[in-house]
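All remarks here apply to the structure that follows.
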Amino acid sequence: FFVMSGTKTTVINEGERLTMTLDFSLPTRQVLEKILEIIGGTTPDEYILSTSGKPLDYSKPLQQQATAFSELTLKKKGNVGGIFRRSVFAAQTITPNAQPQSQKLFGTPLEEYVVSSKFDGLPVVVYECMEWILAHGLTEEGLFRTTGNQNEILNLKKAYDDGKTNVLTAALSPHIVGGLLKMFLREMPEPLLTFELYEIFVQIARTVPELELCMMYLKVLITALPAPHRDLLFRLLEFLFHVASEEASNGSGLDFLTTAFASVILRPTDESTIEMIQDADVVNEIVSLFIENFEYVLEDAEHDFISIGKANFDYAGTTESELTFNREDIIFVVKEDTTGWWEGEVNGLYGFFPSNYAEIICPLPTAANLALLASQNAEQECEEEEEVTVTSENPAETKTPATDAVTKSDTNPPAGAPARSKAGVARPESTIGGTSKKDFLQQMNDIKKELQQSAEIRERLEALVQSLSGSLHAIRQGGNTTSSESPQEAAL
């Protein structure tokens, strides 16, 4: 692009649109310094300058990356928010924190306008509809079943899209407010559990038979959601639970609400595929469990997993400390290590596994990940990590760093697991109280066995004492009946 110096352009700073005259021929960092000088900012390293959601390269002239018609967005790094995501995920767009007065709500991604400090972090239309129904329409017969007046619903939709609030009056029909809420949720461009995580949710529900363990894994996966999606999911589940609790009055029970709202919570990208039909029962089961157990879902998920992986090949563990899994199994990773042996959990079983048999499909928000996000500069945030293809017959020579995505070129498993040393498998050690998790679990089992053995020994000793006591008592009784000695003689 060629832009003359001293060009007027628009800079968005925390939602405020400012018109500035900038020299586009300068390096972008100098342009950033000029912007900060105008608005009273201080350190350039504390800010990210972007256009169309893409951070700019500070070392290049601005005219190579933007035109005078481009809008520049300025944001403090500390306000970017969100969880750490590797580049195998779509890059997150940096958007203003404040919602412009004319911001369209319906059909717009939540991340573009939701502000955590307003309306409990919810879209205003959702917040006001739920509050209204809980106050005025929870027991209305046919709630979410009966269709409200479409013209009135569309008028309310326009009012919210025009930036208005507090537009729901007590005189409205609950069916109109319920219809407005359903319209907003159905017009969201992405379901609450996101397209990105759809297959993981479904696969966990399919392959983990133990209900309690399955729910725990699903709750861990929820932590990977963007904050606006997670906050709205939590509020919606609680709201639907309260609606279902009034089934005797409103006729909208758990089964109906599950069917009515399942698609806004979890659905695949292509809704016309056979996959969606095949997954319908699993999706409904997940949504029903979430509504019925919303309090459990809302609790903090305490775990030591750092990422979620998927098995690309079958693997049969060769020792008791190794995992055995099938292709497509979901692996909850506890530790990634450059040795090629990682620690993880599959269906409640813990052990080591070769990293070249799996790939990371979802990083989880950990303290380390969040710190890494805060330390990344604008250039690193917009760069995509290079994918590594495993082609060598010796997986030990092609170990994949824990932060890289692995692309498998065929369906054949690697020639073998990472190389073993003479002393055995070269595995890392994770620390839980100074020992590996495997050792910790083994120690707990050993202690349990020792306690059981001690209890058995104690029981045998008690039985022996009782037996001896009985024998002694019998001897004494026998002596009393056969002896002719007087008490005085016996005493002597």
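Restricting segment 268-287 to residues that are touching a Phe, Trp or Tyr at 6+ places or on another chain (Cβ under 7 Å) and not hydrophobic (A, V, I, L, M, F, W, C) leaves a set whose member that is surrounded by the fewest Cβ atoms within 10 Å (Cβ to Cβ) is Thr269.
What's the number of the condition Phe290 fails, among (1) closer than 15 Å to Glu359 by Cβ; (2) buried (at least 19 other Cβ atoms within 10 Å of the Cβ); (3) out of contact with any Asp or Glu (no Cβ under 9 Å at 6 or more places or on another chain)? With (1) closer than 15 Å to Glu359 by Cβ; (2) buried (at least 19 other Cβ atoms within 10 Å of the Cβ); (3) out of contact with any Asp or Glu (no Cβ under 9 Å at 6 or more places or on another chain) applied to Phe290, the lone miss is (1).
This table checks each residue for (1) under 16 Å from Val333 (Cα atoms); (2) assigned to a strand (DSSP E or B); (3) not hydrophobic (A, V, I, L, M, F, W, C).
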{"position": "Ala280", "(1), (2), (3)": "no, no, no"}
{"position": "Val283", "(1), (2), (3)": "no, no, no"}
{"position": "Ser288", "(1), (2), (3)": "no, no, yes"}
{"position": "Ile291", "(1), (2), (3)": "no, no, no"}
{"position": "Tyr296", "(1), (2), (3)": "no, no, yes"}
{"position": "Ala301", "(1), (2), (3)": "yes, no, no"}
{"position": "Phe305", "(1), (2), (3)": "yes, no, no"}
{"position": "Glu320", "(1), (2), (3)": "no, no, yes"}
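Within segment 307-318, the set of residues being touching an Asp or Glu at 6+ places or on another chain (Cβ under 8 Å) and either in a loop (DSSP other than H, G, I, E, B) or without any contact (Cβ under 8 Å) to a residue 24 or more places away in the chain (or both) comprises Asn312 only. Restricting to segment 215-265, count the residues that are among the hydroxyl-bearing types (Ser, Thr, Tyr) and under 14 Å from Phe201 (Cβ atoms). Number of matching residues: 3. From the list Leu110, Leu143, the lone residue that is surrounded by 15 or more Cβ atoms within 10 Å (Cβ to Cβ), within 29 Å of Ile306 (Cα to Cα) and at pLDDT 90 or above is Leu110. In this structure, does Leu192 turn out to be assigned to a helix (DSSP H, G or I), at pLDDT 95 or above and buried (at least 19 other Cβ atoms within 10 Å of the Cβ)? No.
The values are calculated or read from the model by the stated rules, or taken from the named source; none is laboratory data. Just so we're clear, the structure is a prediction, and the values are computed from it rather than from any experiment. Every residue, glycine as well, gets a Cβ built from its backbone with ideal geometry; the counts of neighbours run over all protein chains shown.
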